[in-house]
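Just below is one structure, and these are the notes that go with it.
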Amino acid sequence: TSGGWLTLIDENRFSGGTAVEQGTLILGWGSTLISNATVSPTGELWMGGTLRGNLVNSGRVLAGQMQLSPGNWATENLSLIQGNYRQSATGTLAVTLNWPLMVTDQAQLDGGTVELHAEQEWDGSGHVYYFPDTPSSQRLLHAAGGVTGQFDSWTSPGLFIEGRLRYAPNDVYFDL
């Protein structure tokens, strides 16, 4: 995409790979992208479905329960990478608390930021935000093949929370 946004629905195959160089690529709820993908520093990928391939993030990837349009909500975590995830030092992984990014292979974290968001719902008159009980441990990322490396930092725009990142062999948690 180039400065705007593009939504993919159903099943999409790109054998030459998918590069999000600018703008936003939205993988619609329950949709599948069969392709290796890269997100450049000026690009953004909204993960509302399954990516069958490897993902290299140098820009911004939004995972978890993110609303794409009023009334279009996920009832289960649909942010799945069937492959490897790699994040560069310029990358940001935006995760909704209670809705981790799931990776079937390995996650390699070469720095960058993890951005935390509250779960939200549209109630017809506005957004309602749900926060987990505290103290709690929120899984942000699960990689069945293991997690290597770490994020450089975390942020929570608009949320007044305290905590720390914690790393396990296959998971990254935020102890809230």
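The values are calculated or read from the model by the stated rules, or taken from the named source; none is laboratory data. Fair warning: this is a prediction, and the values are worked out from it, not measured in the lab. All Cβ positions, even for glycine, are placed from backbone atoms using ideal geometry, and neighbour counts span all protein chains on display. Surface accessibility is based on the protein's heavy atoms, side chains included, excluding ligands, DNA and RNA. Shrake-Rupley method; radii C 1.70, N 1.55, O 1.52, S 1.80 Å.
Give all pairs with beta carbons closer than 8 Å in which a residue from the stretch 142-153 that is open to solvent by less than 40 Å² (accessible area, probe 1.4 Å) meets a residue that is among the aromatic types (Phe, Trp, Tyr) and at pLDDT 95 or above; count only pairs at least 6 apart in sequence or on separate chains.
Ala143/Tyr85; Val147/Tyr167
I'd like to check something: does the stretch 90-104 contain any residue that is open to solvent by 60 Å² or more (accessible area, probe 1.4 Å), at pLDDT 95 or above and not in a loop (DSSP other than H, G, I, E, B)?
For the stretch 90-104, residues open to solvent by 60 Å² or more (accessible area, probe 1.4 Å), at pLDDT 95 or above and not in a loop (DSSP other than H, G, I, E, B): absent.
How about the stretch 25-54: which of its residues are at pLDDT 95 or above, under 11 Å from the mean Cα position of the chain (by Cα) and of a type in the set (A, V, I, L, M)?
Leu45
For the stretch 1-28, enumerate the residues that are open to solvent by less than 50 Å² (accessible area, probe 1.4 Å) and either more than 21 Å from Gln87 (Cα to Cα) or touching an Asp or Glu at 6+ places or on another chain (Cβ under 8 Å) (or both). Walk me through how you get there before you give the answer.
Quick first cut of the stretch 1-28, residues open to solvent by less than 50 Å² (accessible area, probe 1.4 Å) only: 4, 8, 12, 17-18, 20, 23-28.
Passing the criteria: Gly4, Leu8, Asn12, Val20, Gly23, Thr24, Leu25, Gly28.
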